[in-house]
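The structure appears right after this line, and notes come after that.
None of the figures in this text is laboratory data; all of them are computed from the coordinates on show. In this text, all values refer to a predicted model and were calculated from it rather than measured experimentally. Using ideal geometry, Cβ is built from the backbone for each residue, glycine included, and neighbour counts are taken over all protein chains shown.
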Protein chains: 2
Amino acid sequence: MKVWAPYAKKVELICSEKKRLMQKDNDTGWWYLKNFSLKHGDDYAFFVDDRGPFPDPRSSWQPNGVHGFSRYVDHSLFEWKHDFWHTPPLGSSIIYECHIGTFTEEGTFDSAIKRLDHLLELGINYIEIMPVSEFPGNRGWGYDGVDIYAPHHSYGGPDGLKRFIDACHGKGISVILDVVYNHLGPDGNYLSQFGPYFTKKYSTPWGEAVNFDDGDSDEVRRFFIDNAIMWITDYRIDGLRLDAIHAIFDSSAMHFLEALSLEINNLQDHLARNIFIIAESDLNDPKIVRSREAGGYGLDAQWNDDFHHALHSILTGEKNSYFSDFGKISDLSKALSSGFVFDGQYSNFRKKRHGRQAKGLSGRNFIGFIQNHDQIGNRPGGERISHLLTLGQLKIAAAILMMSPFIPMLFQGEEWGATTPFKYFTNHQDPELGEAVSKGRLEEHSGFKPDIEISDPQEHKTFIDSKLNWCEKEKNIHNEIFSWYKDLILLRKSYPELTDSRFSEVFVKFNEISRWLIIKRSRIILLCNFTEKNQSILCNGEKIILLSSEKLLRFDNEKVELPRHSVVIFLLNS
Amino acid sequence: MKVWAPYAKKVELICSEKKRLMQKDNDTGWWYLKNFSLKHGDDYAFFVDDRGPFPDPRSSWQPNGVHGFSRYVDHSLFEWKHDFWHTPPLGSSIIYECHIGTFTEEGTFDSAIKRLDHLLELGINYIEIMPVSEFPGNRGWGYDGVDIYAPHHSYGGPDGLKRFIDACHGKGISVILDVVYNHLGPDGNYLSQFGPYFTKKYSTPWGEAVNFDDGDSDEVRRFFIDNAIMWITDYRIDGLRLDAIHAIFDSSAMHFLEALSLEINNLQDHLARNIFIIAESDLNDPKIVRSREAGGYGLDAQWNDDFHHALHSILTGEKNSYFSDFGKISDLSKALSSGFVFDGQYSNFRKKRHGRQAKGLSGRNFIGFIQNHDQIGNRPGGERISHLLTLGQLKIAAAILMMSPFIPMLFQGEEWGATTPFKYFTNHQDPELGEAVSKGRLEEHSGFKPDIEISDPQEHKTFIDSKLNWCEKEKNIHNEIFSWYKDLILLRKSYPELTDSRFSEVFVKFNEISRWLIIKRSRIILLCNFTEKNQSILCNGEKIILLSSEKLLRFDNEKVELPRHSVVIFLLNS
C-alpha cells in the first residue's frame, strides 16, 4: 500500500479500525506500509498529519460516496468473458454518446448491457460513456468527479463497469470513456490534503487549475497518466475522450497532452490493441491532433463544435450566444471541406480572432455531431435538436452528418428522436453548494426564453425527466427516425468514399439565398432543401436514389425537384 | 489622434488646457478626433469617462514621467545621419549588454555614444540595451516600464535614443533593445483605464498577466506587435530581446510569439534589413526558436541560462538556489554540445522534470554569457563574476564562452573586470511601493550571506555605486583582462570553425575528478585546468599556441602541462 504526500510529516493508514503508521521515502514523497497488504474488499482511508480520514486519491472504489472510505480492488480477480476483441480504426467508427444514469430506467452499467443489441441494430460500433468517476451524490453528469480512479458506486462500481465493457466487447462494440483532467469537483475533493495537485498560476471556469507544470508536478502528471493507463489496462477501455482540454494549462517543454499521447501510443503497441484519444477542444488549434513529429500533441481526433454550430444555426435560425457567429450555409460548407469554420477570423462571440487553418488534417481528426450532452443539456429546457426541428429538417441534419468527412457521433436517444430532454442535474450533498448550483442555473438562463421553465438541477425530478423512455422508440414517427439513422449508417458503411476523410475529396456547393446545399463525395451526392418551399436544384448526371427523406417531386439527369425540408442521396452512375 | 478604449462611454483629449470630445468607432473600440491634429511637441492626455488625465497608452514621450502628460512626437522630423548601415547575421555577433543609466557617469544616450569607440576596440558588433521604456522615477533597471512606446525621459527621450542608434549604425554597431511584453510595472500603469490589457486567467510573479487570448485581445496583441514595429521602423532598432517569455501566457491557436515573429520576419523582408528576435526563456523548450514551419515560434535565439549556471557553479563552487542543479563538468560539456543541460531530467530546484532536447537546433539559437544583469544584480551584493574568481578562473570563463558554439554576450564592464557592482535599484515615487521593494529585497537575501551588506534599492547611492568607473579600465589587471577579451574576440572572428554553430562539430572531453576540460572545434582546441594545482593533460597532435592565460609549464605533441586555474587555446597543425 502506498500514497503520495510529499509535504506530510505523518501518514497513517486506517483499516479495520486500526491505524498503521506509514514510512516515507523522502526522495519521492511516497509513503509505504511494509509487511501489510490490503485484501480485495478491504475498506481503508488515510490520516495525513492527524487530519482525516481521507479516501485514497487513487481509490478504486468509493462504495459509500466521495466522503467515505476507499475499498481496495484487486483487478486481477475479475473474470473476463471476452479476452479477444476487435477495436476498429477510429475512422470507421460510429460513436454513440451515452450517460449511464439516464440511458436506462435503472441507470446502471448492468442495465445498459441490455440495450447493446439496440445499438448493434442501429449500426453503432463505438459507445462513449460520460464520466463515471465517483462524483458527489447519486446522480450527475459526472464532470464534478473527485475520485478519478473509482467508477461511481451508483452505476455499479468497478465490477459493473467491467461487466459492461466485457459485454460491449462481446458484441463487437468498443468503449470510449469520457475523462476529466482539467479540474476536479469542489465537493469531496481531498487531493490538496495529500499534495500540490493544484496551482494558483492559472484558473479554470470550474475551479482550481491542475498543477501540470509547477513544483512537484511530475507526480501530478503521473496521477492523470496512470489513470488513463488504468482504464485501458484494468478496465480494457478502447479510447478516452478528454474533457475541455483548453483548461489544461501547461507551459512545460513537453505539454501534458503530448506526454499522455506518447505513453498511450506506446501502451497501444505493447498491448497490440487500438487505443484512441479524443479531445474536447475549444481552441480550434490543429496542434492538438497534429502528429508529435510535426510539432503537435498527437491526439487522434477532436470534437468539431464549429460543424455543430454551423448546422444548428442554419436549421434553427438561432442567433444567441455562440450561434451569433454562425448562420450562413457557407460556414457549414467550410466546416465540411476544411474542418474549422474559425481558422483565424474575428469571432464576435469571443471578441477576438479565433483558430487556425487545419492544414494537413483530415476529417478523421474530427468528431462530428448534430447534438451532444452539452448542446442539449446546457439549453434552458434540455431540448434535443429534434425538439427544435421539423422531421424533414431532422432528417437533413442526420444525413449531412453521415455524409460528412467527420467521425459521426450520436447522443443517446437521438436515433429515434427521443421526446425526453437531457437536463443539467446534480445531487450535491453540501447544502450550500447545492443551493449555489440551483441558483446559478436559474440566473444563467433567466431572460433567455421566458416561456421555458428552468428545472432545478438538484431536484430528483430533473434527473428522472432526463431518462430515456425506451417504450416510445417503436412508435410511428420514432420508428421512422430510427430507420432513417439505420439506413444512413448502413450507407456510410457501404460506400468507401464516405469514410475517405480527405478534405480534398469533399465537394460542397450551395446557394445562400435559395438555401440549398449539395455535398459530393466521389460517386455519392447529397442534395438538400433548407427552405419551407419546394425547389429545383441543377445537378447533372445519371442518378440512382439511395436514400430520400421524402418522395421526390421529380428528378432527371439535369435537375432534382426537392420538397420543403428534404434531403436526397444519390449514387451517380458515371 | 486616436486611442483604443472599447468599453468607454466618453473619451476626451486634453491639449493646451482645452478638452476635445472624441468620437467612437463602435466596431473597433477606437476613438478619433477629426479636424484636429497634434503637432510635434504638443503635450496632451486623455480623460476616459471623466476620469483622468491619463497619458496615452501609446505615448511617444513622457517628459515629466509616468504620471505626466504625453508629448507628441513626429518621428519623420528626425534627421538621421546614417541611412545605410549593415546588420550582420546574428550568428556572427558579439553582443554587449548595457544599461544606459549606469554605463556612463551621465547615464544618458548621448553620453553612451562617447563610449562606442571602446566597444569597437573590443570587437563588439551588437549592443543590447536594457529596457528604456518610461518607468517610474529617474533610475531603475527598466523592467517596470509602463509607457512602452516612450524612451525614458532621464536617458534623453526619443531624440536621444535615435541619436544613439544612429551613432551606433555609423560605427557599424547594431542595436538590440530589451522589451518587456509579459507584464507592466505597478506604478503609473493606466492601461486598464483604457481597455482589457490584462487578464485574471493567468498570473505572473510581477503583476497582472497581459491579455493575449481573452476577449478583445486582438488589440492588445497589436499594442505589443505595433510596439516592436515602432522600435524597428521609427527608431531603426536591429533586434529585440524579449524579457521572460515564460510569463507570456497564450492559449490561442496562433501564439503571440509566433504572430510577432511572423510579422517581424515580413517586415524584415519589406525593409530589406536583418532584424532579430531573441527570447529570455526559462522553459528549456526548443519550440521557442524552432522554425514556424516545424511547429515552433520562429524566434532567432534564446538566452542559455543552463550554460551560465553550469560554468558558474564549476568555477565558484556555489550550490545555492538554481546552482543546486549544477556543479558537474559534465553539465558544462552537455550545454556546449547540445544546448540545454536540462532536456527532460528531474530538476531538484524546480522539483519537476524540466526541458526538452534541442534537436535540430544549433549554437546560433542560443545566447551564451558568463554573467548578465540578472546574474549579477540579483545577488545580494550585486557582485560580478570577476568578484568571485581568481584572474585565471575569469580568463577560463571568458575563453570557454568565446570557444562555445553560442552567440557570446558580455555585460558592461565585464571586458575589463570592472570592480563596480551592478545592484538592484529603483526609484519608486509611490512611498508604499518603494518601502515594499526595499523590504522585499532585504527579506529575499536575509540569511543568504550575512557578511554582505544588502543595499536598499530605493537609495540613490545604490544606483550611483552601480555606475561603471571608466578610469579603472586602463589600470594593470583591468588592462590585462581587456586584452584577454579583445584577443578572444579577435580569435573568434578569425577562425570560421568558431562560428560554425553545429553542435555535431563541438567535441568536448573532460575529467570530473581531475577537473580539466578540452573543447575541440575542428582545428582549434581549448584546454583548461579548473584546479588549484598544476596538471598534465593528454592531448595528441602538433600544436601552435594561439592564446594562453599563463605561461605554459610544458607542452609537446602528446601532452600539455597547465598551471593552476589556467587555459590555453591551440591551433592543431594536422
Sequence-distant lysines (8 or more away, or on other chains) whose Cα lies within less than 26 Å of A:Lys39: A:Lys2, A:Lys10, A:Lys18, A:Lys19, A:Lys24, A:Lys81, A:Lys162
The ³J(HN,Hα) series, computed from each phi in region A:193-205 with the Karplus coefficients 6.51, -1.76 and 1.60 at θ = phi - 60°, rounded to the nearest Hz and given as x for glycine or proline, is 5, 9, x, x, 6, 10, 9, 8, 5, 10, 9, 10, x
Mind jotting down the distance between the C-alpha centroids of region A:217-276 and region B:186-230, whole Å? 34 Å
Where Lys and Arg each count +1 and Asp and Glu each count -1, what net charge lies around B:Lys201 among other residues with Cβ under 9 Å from its Cβ? -1
Once phi is turned into ³J(HN,Hα) by the Karplus curve 6.51 cos²θ - 1.76 cosθ + 1.60 with θ = phi - 60°, what whole-Hz value does each residue of region B:553-558 show in order, with x for glycine and proline? 6, 5, 7, 9, 6, 10
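Regarding region A:2-77, what's the average projected area of the Cα-atom convex hull, expressed in nm²? Please list the in-between numbers first.
Working: hull surface 20.9 nm².
Its Cα hull, projected and averaged over all orientations, spans 5.2 nm².
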Report, by chain and number, residues whose modeled amide H sits under 5 Å from the one on A:Leu547, excluding near sequence neighbours (fewer than 5 apart, same chain). A:Ile569
Please average, across the residues of B:284-291, the number of beta carbons from any other chain that are within 10 Å of each residue's own beta carbon, and give a whole number. 2
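How charged is the neighbourhood of B:Asn479? Take every other residue with its Cβ under 14 Å from the Cβ of B:Asn479, and add Lys/Arg as +1 and Asp/Glu as -1.
Numbers: positive: B:Lys395, B:Lys473, B:Lys475, B:Lys486; negative: B:Glu121, B:Glu415, B:Glu472, B:Glu474, B:Glu480, B:Asp487.
Computed value for this residue: -2.
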Consider all pairwise Cα distances in region A:62-188 and report the whole-number % of them above 16 Å. 62 percent
Skipping prolines and chain starts, which residues have an amide H placed within reach, meaning under 5 Å, of the one on B:Ser60, given they are 5 or more residues away or on another chain? B:Arg71, B:Val73
C-alpha center-to-center spacing [region B:555-574, region A:106-161] in angstrom: 73 Å
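In deg cm²/dmol, rounded to 500, what helix-only [θ] at 222 nm does the protein assembly as shown give when every DSSP H run of at least 4 residues adds -39500 (n - 2.57) and the total is split over its residues?
Values: 29 runs with 298 residues, N = 1148.
After summing the helix terms and dividing by the residues of the protein assembly as shown, the value is -7500 deg cm²/dmol.
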Percent breakdown of C-alpha pair distances by 10 Å bin, ordered from the shortest bin, for region B:461-574: 13, 37, 30, 15, 5, 1
Across the Cα atoms of region A:507-572, what radius of gyration and what greatest pairwise Cα-Cα distance (Dmax) are found, in Å? 10.5, 29
Which Cα, out of B:Ser133, B:Thr108, B:Ser252, lies furthest along the positive dipole direction of region B:96-303 (beta carbon charges, K/R +1, D/E -1)? B:Thr108
Quick one: grab the alpha carbon gyration tensor of chain B, order the square roots of its eigenvalues as a ≥ b ≥ c, and give me rounded if a/c is under 1.5, else prolate or oblate depending on whether a/b is larger than b/c. prolate
Computed ³J(HN,Hα) along region A:365-380: with the Karplus parameters 6.51/-1.76/1.60, θ = phi - 60°, integer Hz and x for glycine or proline, the list is 7, 10, 9, x, 7, 9, 6, 7, 4, 6, 5, 8, x, 8, 7, x
Sort all Cα-Cα distances of the protein assembly as shown into consecutive 20 angstrom bins from zero, then give the percent of pairs in each bin up to the one containing the longest distance. 11, 34, 33, 19, 3, 0
Folded to 0 to 90 degrees: helix B:329-338 orientation relative to chain B principal axis, Cα: 60 degrees
Let me confirm one metric for peptide B:246-252, namely the mean number of other chain beta-carbon atoms within 10 Å of its residues' beta-carbons. 4
Could you give the angle, 0 to 90 degrees to the nearest 10, between helix A:256-271's Cα long axis and the longest principal axis of the Cα atoms of chain A? 90 degrees
Which distances, in nm and shortest first, link the B:Gln429 label point to the same label point in every other copy, taking 7 Å along Cα→Cβ? 5.9
Please determine, in degrees from 0 to 90 and to the nearest 10, the orientation of helix B:305-316 with respect to the longest principal axis defined by the Cα atoms of chain B, where the helix direction is its Cα long axis. 50 degrees
Lys/Arg +1, Asp/Glu -1 at C-beta; the protein assembly as shown dipole; positive extreme among A:Phe555, A:Leu122, A:Gly172: A:Phe555
Assigning unit charges at the beta carbon (Lys, Arg +1; Asp, Glu -1) and nothing else, what dipole magnitude in debye, to the nearest 20, does region B:2-77 show about its Cα centre? 140 debye
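Only four residue types carry charge here, +1 at the Cβ of Lys and Arg and -1 at the Cβ of Asp and Glu. Report the dipole size of chain B about the Cα centre in Debye, rounded to the nearest 20.
On the way: 65 positive and 79 negative charges, 283 e Å.
Value, rounded to 20: 1360 debye.
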Taking the label point 7 Å from Cα along the Cα-Cβ vector, the copy-to-copy distances for A:Asn26, listed from shortest in nm with one decimal, are 6.8
Only bridges with both residues in region A:96-247 count here: give the DSSP antiparallel percent, nearest 5. 35 percent
Given backbone amide H placed at 1.01 Å from N, residues whose amide H is under 5 Å from that of A:Ser566, ignoring those fewer than 5 places away on the same chain, are A:Asn529
Inter-chain shielding metric for A:340-353, i.e. average beta-carbon neighbours from other chains within 10 angstrom, reads 3
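Of the GluC sites (Glu not before Pro) in region A:474-554, which ones lie in a loop per DSSP and count no more than 14 other C-beta atoms within 10 Å?
On the way: sites: A:Glu474, A:Glu480, A:Glu497, A:Glu505, A:Glu512, A:Glu532, A:Glu542, A:Glu550; in loops: A:Glu512, A:Glu532, A:Glu542, A:Glu550.
The qualifying sites are A:Glu512, A:Glu532, A:Glu542.
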Please work out the Cα center distance from region A:435-503 to region B:18-59, rounded to the nearest Å. 52 Å
